[in-house]
Amino acid sequence: MKKITVLLLTLLMIAGLNSMAQERVYPEKFGTTLNLGIGLGYYGYVEHPLPVLHADFEFDVVRNFTLAPFINFYTYRNQYHHDQNYYYYYETVIPIGVKATYYFDELLKANPHWDFYLAGSLGFAIRNSHWDDGYDGDADYFHGANPLYIDLHIGSEYHFNNKLGAYLDLSTGVSTIGLAIHF
């Protein structure tokens, strides 16, 4: 009986190792994913992080490489003192562009539940800004966001199943946490 148990365990281990080896032959597809997140944007002219909403749709280009058109949204308000009165400056910025991502799962031999990547984003920021009514000071006092949007990312995603995951994306501009919906 002991010999049969050892033989069965050995056969199961060989079958398990064989199936894991077969999974690596066919590379994982990373794209066709809707990423929705919230996070913080670090914009030097604001001097503190701002809440940001993020969405992108990722699709495969070549093995381990994806592109994702994205859109972010943040709004900012600050109070300024001018001529013994307080006025508010308002700004809404919507960065739009594309994020290029390279996945290192094969190189790192990562567990299938995890993805690890480096990425870069390039785009432009649509900006709308204005002062409170009645402000007669220097309208260019606050120059706002640069219209060119460049960002570098490092991130990871944990797959709950083949349709849903959670990701953390740390970057030089907008760091987000969110859900990844795979199609």
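The values are calculated or read from the model by the stated rules, or taken from the named source; none is laboratory data. Because the structure is a prediction, the values reported are computed rather than measured. Neighbour counts are summed over all protein chains in view; Cβ atoms, including those assigned to glycine, are modelled from backbone coordinates with ideal geometry.
Within the range 155-182, the set of residues being touching a Lys or Arg at 6+ places or on another chain (Cβ under 8 Å) and of a type outside the set (V, I, T) comprises just one member, H182. Residues in the range 62-73 that are within 23 Å of W114 (Cβ to Cβ), surrounded by 13 or more Cβ atoms within 10 Å (Cβ to Cβ) and of a type in the set (V, I, T): T66 only. Of the residues screened, V52 is one that is in contact (Cβ under 8 Å) with a residue 60 or more places away in the chain and either more than 13 Å from the chain's Cα centre (by Cα) or assigned to a strand (DSSP E or B) (or both). For first residues located in the range 115-130 and surrounded by 14 or more Cβ atoms within 10 Å (Cβ to Cβ) and modelled with pLDDT of 90 or more, partners that are among the charged types (D, E, K, R) and not in a strand (DSSP E or B) and lie 6+ apart or on another chain with Cβ distances below 6 Å form the pairs D115/D105. Within the range 74-108, if we keep just the residues that are without any contact (Cβ under 8 Å) to a residue 24 or more places away in the chain and not in a strand (DSSP E or B), the residue that is surrounded by the fewest Cβ atoms within 10 Å (Cβ to Cβ) turns out to be Q84. Which residues, taken from the range 142-164, are assigned to a strand (DSSP E or B) and touching a residue at least 24 places away in the same chain (Cβ under 8 Å)? Selection gives L148, Y149, I150, D151, L152, H153, I154, G155, S156, E157, Y158, H159.
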